[in-house]
Amino acid sequence: MRTAILLLTALVSAVLSVEQSSEDLDLFSAEPRAEHSSESPEDQDLFGAGAMVQSVEQSSESTESSEDQDLFSAEPRGEQSSESTEASKDQDSFSAESELLKFGALCSGNPGNRRRGCDGRGYGCGHYGASRAGGKRKHLGLDIVCADGATVYAPFDVVLGGRAVPYTKNNAINDGVNLGRQGLCFKLFYVKPDKYSGTLRKGQRLGKLLPMQSVYPGITSHIHVQMCDKTDPTKYF
């Protein structure tokens, strides 16, 4: 009897052991599936969301880059357009000014403002930029033919701006006057003005030409017209 009980007890224990082992096996095999099933989709979703965020960021960066490019390319066009407009305005203004301001007759006997050509005896030529002193310097004015003692006229409505002299050492022709008009400044040399200040209307007497032949015998007597900034005055004739 006792032996039968022991056998029965052993059998029950074996059966319980097999069932427990089966449950452990099911639990062991189920855990990885559960872990894989619960974690993998979330990880995949998270990875996918991250990729989407990265894509959105790249798209945003691309848009910003495109906007920066448009802004960069637009700015130079705007600046060039502005600079071009300003340059055009300056050119138009300069053109209008030179068209408005033209020298009338400067000297009696030369109503067309004939220019001095080239004289012998080393006196050189009368155009702007002509060589002087054997090429060491240039002629900074334009010479308009005028006889000694001839009347000199205001070439346009002018403001007289004081005395202007061509030489540092005095001589018989070392005199002249500054003329102002429309923001421009001219000098007339070898002229004895009736006055050095005030205003004159175009064609009014300004003075007379000094005796050039006493200083430069044989030269074509003339009025020397020079811009105060030493640029070429030819365009105003």
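The values are calculated or read from the model by the stated rules, or taken from the named source; none is laboratory data. Computed from a predicted structure; not experimentally measured. FYI the Cβ positions are ideal-geometry reconstructions off the backbone, even for glycines, and counts take in every protein chain you see. These area figures cover heavy atoms from the full protein model, side chains too; ligands, DNA and RNA do not enter into them. Shrake-Rupley method; radii C 1.70, N 1.55, O 1.52, S 1.80 Å.
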Exercise. Consider G161 carefully, then state whether it is more than 24 Å from P111 (Cα to Cα), touching a Cys at 6+ places or on another chain (Cβ under 8 Å), of a type outside the set (A, V, I, L, M, F, W, C) and part of a strand (DSSP E or B).
Key: yes
Quiz item: Residue check, L142 against (1) open to solvent by 50 Å² or more (accessible area, probe 1.4 Å); (2) modelled with pLDDT of 95 or more; (3) within 22 Å of R115 (Cβ to Cβ); (4) not hydroxyl-bearing (S, T, Y), all met but one. Which one?
Solution: (1)
Practice problem: Considering every residue within region 138-157, establish whether at least one is out of contact with any helix residue (DSSP H, G or I) (no Cβ under 8 Å at 6 or more places or on another chain), free of Cβ contacts under 8 Å to residues at least 12 places away in the same chain and more than 19 Å from M212 (Cα to Cα). | Solution: yes
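Look through region 216-232, keep the residues that are polar (S, T, N, Q) and crowded, with 16+ Cβ neighbours inside 10 Å, and return whichever of them is nearest to the chain's Cα centre (by Cα). Steps first, answer last, please.
From region 216-232, those polar (S, T, N, Q) are 220-221, 226, 231; that's our starting set.
With the extra rule that they be crowded, with 16+ Cβ neighbours inside 10 Å, the set shrinks to 220-221, 226.
Details: T220: 45, S221: 44, Q226: 29 Å.
Looking at the filtered set, the residue picked out is Q226.
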Self-check item: In region 207-237, the residues that are within 15 Å of C107 (Cβ to Cβ) and either outside any loop (DSSP other than H, G, I, E, B) or of a type in the set (D, E, K, R) (or both)
Solution: G207, K208, L209, M212, H222, I223, H224, V225
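Hey, any hits in region 111-129 for a residue that's open to solvent by 60 Å² or more (accessible area, probe 1.4 Å) and modelled with pLDDT under 95?
Taking region 111-129 as the starting set, the residues that turn out to be open to solvent by 60 Å² or more (accessible area, probe 1.4 Å) are 111-112, 114-115, 118, 121-122, 127-128.
Restricting the remaining residues to those that are modelled with pLDDT under 95 gives 121-122.
Checked against the condition, which is being open to solvent by 60 Å² or more (accessible area, probe 1.4 Å) and modelled with pLDDT under 95, region 111-129 yields at least one hit.
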Quiz prompt | Tally, over region 190-206, of residues that are in a strand (DSSP E or B) and touching a Phe, Trp or Tyr at 6+ places or on another chain (Cβ under 9 Å) | solution = 3
Quiz item: Taking region 191-215 only, how many residues are over 41 Å from the mean Cα position of the chain (by Cα) and crowded, with 16+ Cβ neighbours inside 10 Å?
Solution: 9
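I'm trying to understand the selection: among the residues of region 166-189, which are assigned to a loop (DSSP other than H, G, I, E, B) and either touching a strand residue (DSSP E or B) at 6+ places or on another chain (Cβ under 6 Å) or open to solvent by less than 20 Å² (accessible area, probe 1.4 Å) (or both)? Before the answer, list the steps.
Keep residues of region 166-189 that are assigned to a loop (DSSP other than H, G, I, E, B), which gives 166-175, 182-183.
Matches in region 166-189: P166, I173, N174, D175.
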Quiz item: Applying the selection to region 160-179, what residues are farther than 16 Å from G141 by Cα and small (G, A, S)?
Solution: G161, G162, A172
